[in-house]
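The values are calculated or read from the model by the stated rules, or taken from the named source; none is laboratory data. Nothing here was measured: the structure is a model prediction, and the numbers come from that model. For neighbour counting, all protein chains shown are included, and Cβ atoms are generated from backbone atoms with ideal geometry for every residue, glycine included.
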Amino acid sequence: MDVEIRIARTYHSSSYNDSYDAVSDYQRVQRVASNHPDKKSTALSNIVGLPRGRIRSWVDGDGMPDPARGVLTARSKSWINFDPSDEIAASLAALAGHILGGGSIASESYVPAVAEGRRASLSDIESAFRSVGVRATRRHSETSNRATAVIPADNASILGRTPVAWGVPLGQTKPTELPELLDHVDDEARRRFVTAYILHRGTNAPDKATSQCLAEYPLGFQRAIAELIEELTGERATASEGAVTVSAAAMRELGVAEE
């Protein structure tokens, strides 16, 4: 299914059973309006066969349905229309790794939030958000009993809906497979994903360079992570309940080995 459609369907629409139809109608109305620049919403409503009350702000103002705004913003940011080797593709993959490694996407608001990891600093996470084209801010930074998290300062909900459309779980749902996003990017972007994940989850075994990525995720996801690491590095990684064990050689190949 098209990612644009999946983004649109994260929205609830009182006027449409399928929220993507709101996107299609908005785009159709804009095309018709551009062909009839002298006509206002009353005349256009008869041409397109939609209630004037629905399209008035689309034609006479700068309004648009939320699903259309979400899709158009994601498109303008190149979050859904990138080349596999583009920097934005690698940045999106890295952000997905941060979210799966140390954060989540709120089920009600779709706002992504990422907490500091063992080796992923708040500054690193802020940089990951900036790399996809949004400002970042810190939440709960002055609250002693809650972990500080980094969240987007603009387009927060739209940014959160985009990785969900690309296969990152919403809310407390645990991942069972790698995000589909990784099927649409190159190996450098996949390395950025894995690296971000390891920086949050990786813990070195005592007196060893081997690292364990601890997570209460299903075994299928753990295996997928291990297989991706082996594919990218040509070195050993194994999966078990609760962890992915990454060999010292794989850690060095990824550039995340600890001294």
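Being touching a residue at least 12 places away in the same chain (Cβ under 8 Å), more than 19 Å from the chain's Cα centre (by Cα) and more than 22 Å from Phe82 (Cβ to Cβ), is that true of even one residue in the stretch 176-187?
For the stretch 176-187, residues touching a residue at least 12 places away in the same chain (Cβ under 8 Å), more than 19 Å from the chain's Cα centre (by Cα) and more than 22 Å from Phe82 (Cβ to Cβ): absent.
Go through the residues of the stretch 135-144 one by one and say whether even a single one is more than 18 Å from Glu116 (Cα to Cα), surrounded by fewer than 21 Cβ atoms within 10 Å (Cβ to Cβ) and at pLDDT 95 or above.
no
Among the numbered conditions (1) buried (at least 21 other Cβ atoms within 10 Å of the Cβ); (2) outside the structural domain of Pro175 (by TED's automatic domain parsing); (3) modelled with pLDDT of 95 or more; (4) not basic (Lys, Arg), tell me where Leu72 comes up short.
That leaves (1) as the condition not met.
Within the stretch 44-67, can you find the residues that are part of a helix (DSSP H, G or I), surrounded by 13 or more Cβ atoms within 10 Å (Cβ to Cβ) and not hydroxyl-bearing (Ser, Thr, Tyr)?
Within the stretch 44-67, Leu44, Ile47, Val48, Arg52, Arg54, Ile55, Arg56, Trp58, Val59, Asp60, Asp66, Pro67 meet the criteria.
Condition check: over 21 Å from Val164 (Cβ atoms) and free of Cβ contacts under 8 Å to residues at least 60 places away in the same chain. Does Ala33 satisfy that?
For Ala33, the condition - over 21 Å from Val164 (Cβ atoms) and free of Cβ contacts under 8 Å to residues at least 60 places away in the same chain - is met.
Test each condition in (1) touching a Ser or Thr at 6+ places or on another chain (Cβ under 6 Å); (2) without any contact (Cβ under 8 Å) to a residue 60 or more places away in the chain for Trp79 and report the one that comes out false.
Condition (2) is where Trp79 drops out.
Val111 - would you say it is in the same structural domain as Glu188 (by TED's automatic domain parsing) and modelled with pLDDT of 95 or more?
Considered against the rule, which asks whether it is in the same structural domain as Glu188 (by TED's automatic domain parsing) and modelled with pLDDT of 95 or more, Val111 comes out as yes.
Please go through the stretch 194-222 and give me each residue that is of a type in the set (D, E, K, R) and either part of a strand (DSSP E or B) or within 15 Å of Gly101 (Cα to Cα) (or both), ordered by number.
Arg201, Glu216 - these are the residues of the stretch 194-222 that are of a type in the set (D, E, K, R) and either part of a strand (DSSP E or B) or within 15 Å of Gly101 (Cα to Cα) (or both).
I need the full set of residues from the stretch 236-255 which are part of a loop (DSSP other than H, G, I, E, B), in contact with a strand residue (DSSP E or B) (Cβ under 7 Å, 6 or more places away or on another chain) and surrounded by fewer than 19 Cβ atoms within 10 Å (Cβ to Cβ), in order please.
Applying the first criterion (part of a loop (DSSP other than H, G, I, E, B)) to the stretch 236-255 yields 236, 241-242, 247, 255.
Next, from what is left, pick out any that are in contact with a strand residue (DSSP E or B) (Cβ under 7 Å, 6 or more places away or on another chain): 242, 247.
Correct list: Gly242 only.
Select from the stretch 106-125 the residues that are assigned to a helix (DSSP H, G or I) and crowded, with 17+ Cβ neighbours inside 10 Å and list them in ascending order. Break it down into steps so the answer makes sense when it comes.
Step one: list which residues in the stretch 106-125 are assigned to a helix (DSSP H, G or I), which gives 122-125.
Passing the criteria: Leu122, Asp124, Ile125.
Here's the yes/no breakdown for (1) outside any helix (DSSP H, G or I); (2) crowded, with 19+ Cβ neighbours inside 10 Å:
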{"position": "Tyr16", "(1), (2)": "yes, no"}
{"position": "Ala22", "(1), (2)": "no, yes"}
{"position": "Gln27", "(1), (2)": "no, no"}
{"position": "Gln30", "(1), (2)": "no, no"}
